[in-house]
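This report concerns only the one structure given below.
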Amino acid sequence: MNDTRYARHHALPGFGPDAQALLARSRVLVIGVGGLGCASAAYLTAAGVGELMLADFDTVDEANLQRQILFGDAELGRRKVEAAAERLHALNGQARIRCLDRRLDEPALRAAAEEADVIVDGSDNFPTRFNSNRASLATRTPLVSGSAIRWQGQLAVFDPVRPASGCYACLFDELAPDEDMGDCARNGVLSPLVGVIGSMQAVETIKLLTHCGDSVGGRLLRYDALSGRWQESRFARDPECTACGDCS
């Protein structure tokens, strides 16, 4: 392991070489290489996560360039996962990047989650988020979920090993999600806002992988970029949840 590259981590109180070694042995599944996924993947790669699995089936469009920081004009029309992998390898040649260049149905998503230590969900639609949640529950893999729309961002961590803290579907109704709230094309989104939330996803992922600090599990963090304020609310497992509850 390159001691110079990670010297600032080695000097970090409560982190050090042991935590860095845990990062080097870890594998993270990043779902969606959009604004959130680009930011989280960049910091996870720079921080020394051993392997990233990038899941996305889209190509780079000009409208992506406002917020998806792994892409530039030269990547227009390319497969997102391939273009992102090149940028990430340039950022840290020690990292292993695996490209999952296809739409992951529920069985495929569950199979990918089986291989991961943490799932980072940066997707932009509710069906994928609910599928990610079910994969997390089925494989008992922690899920770090982020979203950003307009001027507002949200962050939450769901850890099936701590079931009392609830799952994604405990917070958002699977049967009646507000689809409009997930549509950046219609509602717009501030470009650095996705960087804030994606970076926070990387922070929480690193904490889970290294057992450092306190996870935000059981808490929903909301960031309002217009006011510059964070709000926090707590949530618990819903016994009637369609994903993790006991409806009998």
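Could you tell me whether segment 5-17 includes any residue that is outside any helix (DSSP H, G or I), touching a residue at least 40 places away in the same chain (Cβ under 8 Å) and in contact with a helix residue (DSSP H, G or I) (Cβ under 7 Å, 6 or more places away or on another chain)?
yes
Would you confirm whether any residue within segment 169-190 is under 30 Å from ALA24 (Cβ atoms) and touching a Lys or Arg at 6+ places or on another chain (Cβ under 8 Å)?
no
In segment 61-75, how many are open to solvent by 70 Å² or more (accessible area, probe 1.4 Å) and in a loop (DSSP other than H, G, I, E, B)?
Residues in segment 61-75 being open to solvent by 70 Å² or more (accessible area, probe 1.4 Å) and in a loop (DSSP other than H, G, I, E, B): 3 in total.
For (1) open to solvent by 30 Å² or more (accessible area, probe 1.4 Å); (2) in contact with a helix residue (DSSP H, G or I) (Cβ under 9 Å, 6 or more places away or on another chain); (3) among the basic types (Lys, Arg); (4) under 18 Å from LEU208 (Cβ atoms), each residue gets a yes or a no:
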| site | (1), (2), (3), (4) |
| --- | --- |
| ARG102 | yes, yes, yes, no |
| THR128 | yes, yes, no, no |
| THR141 | no, yes, no, yes |
| ILE149 | no, yes, no, no |
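So which residues in segment 25-39 are surrounded by fewer than 18 Cβ atoms within 10 Å (Cβ to Cβ) and either closer than 12 Å to ALA84 by Cβ or touching a residue at least 60 places away in the same chain (Cβ under 8 Å) (or both), if there are any at all?
Within segment 25-39, ARG27 is the sole residue that qualifies.
What do you reckon, is ASP58 without any contact (Cβ under 8 Å) to a residue 40 or more places away in the chain, out of contact with any strand residue (DSSP E or B) (no Cβ under 6 Å at 6 or more places or on another chain), closer than 25 Å to PHE130 by Cβ and open to solvent by 60 Å² or more (accessible area, probe 1.4 Å)?
Criteria met by ASP58.
Can you tell me which residue is nearest to the chain's Cα centre (by Cα) among those in segment 84-94 that are outside any loop (DSSP other than H, G, I, E, B) and of a type outside the set (Gly, Ala, Ser)?
Out of the qualifying residues, it is LEU88.
Any residue in segment 40-50 that is of a type outside the set (D, E, K, R), more than 18 Å from the chain's Cα centre (by Cα), surrounded by fewer than 24 Cβ atoms within 10 Å (Cβ to Cβ) and not in a loop (DSSP other than H, G, I, E, B)?
No: zero hits.
Quick check on this structure: which one of VAL33, VAL81, VAL28 is within 25 Å of THR139 (Cβ to Cβ) and in a loop (DSSP other than H, G, I, E, B)?
Being within 25 Å of THR139 (Cβ to Cβ) and in a loop (DSSP other than H, G, I, E, B) holds for just one of VAL33, VAL81, VAL28, which is VAL33.
Which one is farthest from GLU106 (Cα to Cα), of the residues in segment 131-156 that are among the small types (Gly, Ala, Ser) and assigned to a strand (DSSP E or B)?
Ranking the qualifying residues of segment 131-156, first place goes to GLY153.
Which condition from (1) within 17 Å of ASN133 (Cβ to Cβ); (2) in a loop (DSSP other than H, G, I, E, B) is the one that LEU220 breaks?
(2)
Based on what the data block shows, is ALA113 under 30 Å from PRO17 (Cα atoms) and touching a helix residue (DSSP H, G or I) at 6+ places or on another chain (Cβ under 6 Å)?
The answer is yes for ALA113.
The values are calculated or read from the model by the stated rules, or taken from the named source; none is laboratory data. Quick caveat: nothing in here was measured; it's all calculated off a predicted structure. A quick note on method: Cβ atoms are made from the backbone with ideal geometry, for glycine too, and the neighbour counts reach across all protein chains shown. The area values use the complete protein model at the heavy-atom level, side chains included, leaving out ligands, DNA and RNA. Shrake-Rupley method; radii C 1.70, N 1.55, O 1.52, S 1.80 Å.
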